[in-house]
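The values are calculated or read from the model by the stated rules, or taken from the named source; none is laboratory data. Since this is a predicted model, take the numbers as computed values, not measurements. Glycine gets a Cβ as well: all are built from the backbone with ideal geometry, and neighbour counts include every protein chain shown. For the accessible areas, the whole protein counts, side chains as well, though only heavy atoms, and no ligand, DNA or RNA atoms are used. Shrake-Rupley method; radii C 1.70, N 1.55, O 1.52, S 1.80 Å.
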There are 2 protein chains.
Amino acid sequence: MQHIAILGSTGSIGTQALEVIAANPGTFSVTTLAAYHNDSLLEKQIEYFKPEIAVLVDKRAADRLIRRYSGPTIILTGEEGLLAAATYNKVNTVLTSLVGFAGLKPTLAAIKAGKNIALANKETLVAAGELVTQLAKEQNVKILPVDSEHSAIFQCLQGESIKNIQRILLTASGGPFRGLKREELEHVTVEDCLRHPNWSMGKKITVDSSTLANKGLEVIEARWLFDVTYSQIEVVVHPESIIHSMVEFLDGSVIAQLGKPDMRVPIQYALTYPERIVANYPRLDFKTLSTLTFSSPDVITFPILQLAFTAGNTGGTLPCVFNAANEEAVYAFLAGKLRYLDIFSVIQSVMESHKIISIPDLNDIYDADLWSRMQAKEVLKAIRE
Amino acid sequence: MQHIAILGSTGSIGTQALEVIAANPGTFSVTTLAAYHNDSLLEKQIEYFKPEIAVLVDKRAADRLIRRYSGPTIILTGEEGLLAAATYNKVNTVLTSLVGFAGLKPTLAAIKAGKNIALANKETLVAAGELVTQLAKEQNVKILPVDSEHSAIFQCLQGESIKNIQRILLTASGGPFRGLKREELEHVTVEDCLRHPNWSMGKKITVDSSTLANKGLEVIEARWLFDVTYSQIEVVVHPESIIHSMVEFLDGSVIAQLGKPDMRVPIQYALTYPERIVANYPRLDFKTLSTLTFSSPDVITFPILQLAFTAGNTGGTLPCVFNAANEEAVYAFLAGKLRYLDIFSVIQSVMESHKIISIPDLNDIYDADLWSRMQAKEVLKAIRE
């Protein structure tokens, strides 16, 4: 029996993970659940999955739940609660599906406690890839990717040597604005972004998909997960999202992983790895599939992807700064306080004024994250004025 | 150092294997070479690769070569020569790229002698799949597929359990007559068949590709190589021949192998397995690739594919009979003695009049092969009269 902790259980990945678990009774037990502030959904999850520990990070939300809940699950709150959920001794695998940089601390704590990580929080590897992968190696802990692209690459690498990788071909749907020119994106609204063609996801990642910032974060995540250089990573636009990514080996052979766009498949694979178990989600049908298409990303219209490559190639604290500036800019856009095209300007401006620390320790990473957010707010203020 | 025997060294697969070997000096040594009757090309191969033994099965061709050759390579002839080349004690791996049923005996001899088999002669598994795979298991010998489709499936299965296979998706270009109706194939000539869109191959296999008999043989080969049932094998028409085949696992995840249509890549993989080494053949470029398409095979126009499934599902001596009848019909067509559409009629008629032996031994297989050829000649005679 796999004993699982889900950090971010009320979000898109968390709820789909619970679907997978519910569909396979006797295979998994949900030992801890943690969410930010959705107390009503967490309460339902507690009733169904009966975890030993449940956490609401937000204290007021936790208070609300504690007042009305009288079952056996222990309800905790705050960052301490989150860390307790991540490190609880009965847990084997921690699914980290928190949004953004907030995932770093509990992920590190879980690795230190010897838990395998099913990683859906890419910002952890973007901000602190070297530290996180180094710690995982020391603790002999597996980092199993949940992102569909990284799960695809990971599946393509089964039975293969990492040293035989020539290139990673990271596929991208191209988002809802694929094919448009920069000037056509001037009046993009939050609603426009949220009409993603293939995947149903949270708001932040949906905006990131539309700007290709998400693909940029995935490039950096891939660099750390698969120990390749940035020049070995090529982004391929593939609007149908059927091929979820590919690996080219040094003999020229390319291995790809395909499927319907459905996060439950990579989530299940991360939870059952190295085994596969039956899943009854919709299957690819090549009789009706007909056509798959490919093209290069339009980096003129979507320059954030190039900023991510710059951040990754430069290294040190710059990827962390890239990520934090992007987060702040996207939240400002979602709050109606920033124009769509200025997301790029904010990130670029913050990156340009950052004094890079080449070999950062964890404190440097936290400092760089904080600095980047404050700097982003300055830039946001300047833009609004 | 890999010590290699190539049976069929002057054919399409044989010459491409020698290209691969020549491109990797120090990795392989060509220990024995065998061909049917092309003494001039074999002589050049002997000069370049300096094998210890070289064989021309045809005695007159061998005599011609022996008269003019004075080097250190030992020249042998006849079936005894072929068997000597296949079993020579210094050889590790035997590449069997003989055409047709003639590949069975030397392949069995090589397996009995403990050699790994790089199998390009699919008829061996079609005619005697159970006996051959059983013997390979007993001798703890690997059968490494060279056919691009089976190499693809084999690559997709690295690091995976055969018990987790849901389906094998065997891709087919559809051949030069894809999209045509049965009545449009009435006046097809040998030349029409030999204009294959993607692969440059020998004559027999090129005709087989155009009738989908080749895909039928591959279906039966896949059943034995990967220990699946026929209901687990689906043929997918994919005219671009970029995806060389796929495996769907029971969780719905599909793994595919892709590449430019170039037999040197699967040949090299079979010779270097489980390792991969650098190959400088043309690579896939997704910037220019643009489109991949898929559809179902047209079994009304190409009914030989269904005959193969019938032969495979029925089992016993019937697949052997299917293969032999097809060989005779194709050679009659190539000799201008049979109309294209009658290839099907010959195979069907021979299969219908066969008395199946359900659990054949090797003698039963040889008898069935011989019976099928004689029966096919009767049918051919009846058609011509």
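Centre-to-centre separation between the Cα atoms of the range A:322-343 and those of the range B:66-93: 73 Å.
Ascending distances from the residue A:288 label point to its copies in the other chains, with the point 7 Å along the Cα-to-beta-carbon line: 3.6 nm.
Antiparallel as a % of all DSSP beta bridges within the protein assembly as shown, to the nearest 5? Walk me through the numbers on the way to the answer.
Working: 28 of 88 bridges.
Just about 30 percent of them are antiparallel.
Which of the peptides A:76-83, B:20-27 is most tightly packed, and how do the rest follow, going by the mean number of other Cβ atoms within 10 Å of each residue?
Numbers: A:76-83: 18.1, B:20-27: 14.6.
By packing density, highest mean first, the sequence is A:76-83, B:20-27.
In chain A, the beta-carbon sitting nearest the axis that superposes A on B belongs to the residue given here with its distance in angstrom, A:159, 1. Among beta bridges from DSSP that stay inside chain B, the antiparallel ones total about 25%. For residue A:327, the shell of other residues with beta-carbons less than 13 Å away shows a net charge of +1, using +1 for Lys and Arg and -1 for Asp and Glu.
Extension gain for residue A:287 to residue A:140 (0.36 nm times residue separation, less C-alpha to C-alpha distance): 48.5 nm. With the convex hull of its Cα atoms as the shape, the range B:147-313 has an orientation-averaged projected area of 10.6 nm².
In debye, nearest 20: dipole of the protein assembly as shown around its Cα centre with unit charges on the Cβ of K, R (+) and D, E (-)? Don't skip to the answer; put the middle values down first.
Details: 72 positive and 84 negative charges, 67 e Å.
For this selection, approximately 320 debye.
Cα-based Rg of the range A:1-54 per 2.2 N^0.38 Å, rounded to two decimals?
Rounded to two decimals, the normalised Rg is 0.99.
In the P(r) worked out for chain B, what percent of Cα pairs fall beyond 27 Å?
Numbers: 35779 of 73920 pairs.
Distances greater than 27 Å cover 48 percent of the Cα pairs.
In terms of distances greater than 19 angstrom between alpha carbons, the cross-link table entries A:181/A:337; B:105/B:142; B:204/B:337; B:137/B:355 yield A:181/A:337; B:137/B:355. With both labels modelled 7 Å from their Cα along Cα-to-Cβ, the residue B:383 to residue A:182 distance reads 6.6 nm.
Report relative contact order for chain A in percent, whole number only (criteria: Cα-Cα under 8 Å, sequence separation at least 6).
Working: 696 pairs, mean separation 56.4, N = 385.
Dividing the mean separation by the residue count of chain A yields 15 percent.
From the residues A:350, A:2, A:242, which one has its Cα farthest along the dipole of chain A in the positive direction, the dipole being from +1 and -1 charges on Cβ of Lys/Arg and Asp/Glu about the Cα centre? Looking along the dipole axis, the top candidate is A:2. Taking amide H positions as modeled 1.01 Å from N, with prolines and chain starts lacking one, the residues under 5 Å from residue A:244 and 5 or more places away or on another chain are A:257, A:258, A:259. Amide H contacts for residue A:233 (H built 1.01 Å from N in the peptide plane; partners 5 or more residues away or on another chain; cut-off under 5 Å): A:168. Using only protein heavy atoms and a 1.4 Å probe, report how much of residue A:224 is accessible, in Å² to the nearest 10. Approximately 50 Å² for this residue.
Among B:133, B:293, B:32, the largest mean-square fluctuation in a Gaussian network model of chain B (Cα springs under 10 Å) belongs to B:293.
Taken across both chains, chains A and B shield about 3800 Å² of accessible surface from a 1.4 Å probe. Sorting the Cα pairs of the protein assembly as shown by distance into bins of 20 Å, from 0 upward, gives 16, 41, 28, 14, 1, 0 percent per bin.
Converting phi to 3J(HN,Hα) with the Karplus coefficients 6.51, -1.76 and 1.60 and the offset θ = phi - 60°, the range B:251-256 yields 8, x, 6, 10, 10, 10 Hz in sequence order, with x at every glycine or proline.
What are the membrane-span-like helices in chain A by this rule: whole DSSP H runs, Cα extent along the axis at least 30 Å, mean Kyte-Doolittle hydropathy at least -0.5? Could the numbers behind the result be given before it?
Working: long enough: A:362-384 (33 Å, -0.39).
Span-like helices here: A:362-384.
Electrostatic tally near residue A:233: other residues with Cβ closer than 12 Å to its Cβ, Lys and Arg +1, Asp and Glu -1, net -3.
Set Lys and Arg Cβ to +1 and Asp and Glu Cβ to -1, take the dipole of chain B about its Cα centre, and tell me which of B:159, B:224, B:94 lies farthest positive. Of B:159, B:224, B:94, it is B:94.
Distance between the C-alpha centres of the range A:123-202 and the range B:173-196: 44 Å, rounded to the whole angstrom.
The residues A:354, B:3, B:238, sorted by heavy-atom accessible surface at 1.4 Å with ligands and nucleic acids left out, run B:3, A:354, B:238 from largest to smallest.
Per residue of chain A, what 222 nm ellipticity follows from adding -39500 (n - 2.57) for every DSSP H run with n ≥ 4, rounded to the nearest 500? Mind dumping the intermediate values first?
Details: 16 runs with 180 residues, N = 385.
Computed ellipticity for chain A at 222 nm equals -14000 deg cm²/dmol.
Taken about its Cα centre, chain A carries a charge dipole of about 760 debye when Lys and Arg each add +1 at the Cβ and Asp and Glu each add -1 at the Cβ.
Taking the Cβ-Cβ separation of residue A:299 and residue B:27 as r and a Förster radius of 41 Å, what is the calculated FRET efficiency to the nearest 0.05? Don't skip to the answer; put the middle values down first.
Values: r = 40 Å, r/R0 = 0.97.
Between residue A:299 and residue B:27 the formula returns 0.55.
Peptide A:291-301 is shielded by partner chain Cβ atoms: per residue, an average of 3 of them sit within 10 Å of its Cβ.
Which residue, A:57, A:330, A:146, has the most motion in a Gaussian network model of chain A that connects Cα atoms within less than 10 Å? Taking springs between Cα atoms under 10 Å, the residue moving most is A:57.
Shielding value for A:319-326 is 0, the average number of Cβ atoms from other chains within 10 Å of each residue's Cβ.
Mean-square fluctuations from a GNM of chain A, with a 10 angstrom spring cutoff on Cα atoms, peak among A:360, A:72, A:297 at A:72.
With both bridge residues required to lie in the range B:153-290, what share of the DSSP beta bridges run antiparallel, to the nearest 5%? Please report the intermediate quantities before stating the final value.
On the way: 9 of 14 bridges.
Of all bridge pairs located within the range B:153-290, approximately 65 percent are antiparallel.
On full extension of the chain, what length is gained from residue B:90 through residue B:59, given 0.36 nm per residue of separation minus the C-alpha to C-alpha distance? Working shown, then result.
Values: separation 31, 0.36 × 31 = 11.16 nm, distance 2.49 nm.
Length difference between fully extended and current span is 8.7 nm.
Counting only Cβ charges, +1 for Lys and Arg and -1 for Asp and Glu, the dipole size of the range B:133-201 around its Cα centre is about 360 debye.
Based on the Kirkwood radius over alpha-carbon pairs, what is the Stokes-Einstein translational diffusion coefficient of the range B:2-145 at 20 °C with 1.002 mPa s viscosity, in µm²/s?
Values: Rh = 14.8 Å.
In µm²/s, the coefficient is 145.
In this assembly of identical copies, the label point of residue B:50 (Cα plus 7 Å along Cα-to-Cβ) is separated from its counterparts by 7.6 nm, sorted shortest first.
Per atom type, the protein assembly as shown shows carbon and sulfur on 52% of its accessible surface, probed at 1.4 Å.
Need one value for A:234-245: mean number of C-beta atoms belonging to other chains within 10 Å of its residues' C-beta atoms.
Values: counts 3, 1, 3, 2, 2, 0, 1, 0, 2, 6, 2, 0.
Mean inter-chain Cβ contacts per residue within 10 Å come to 2.
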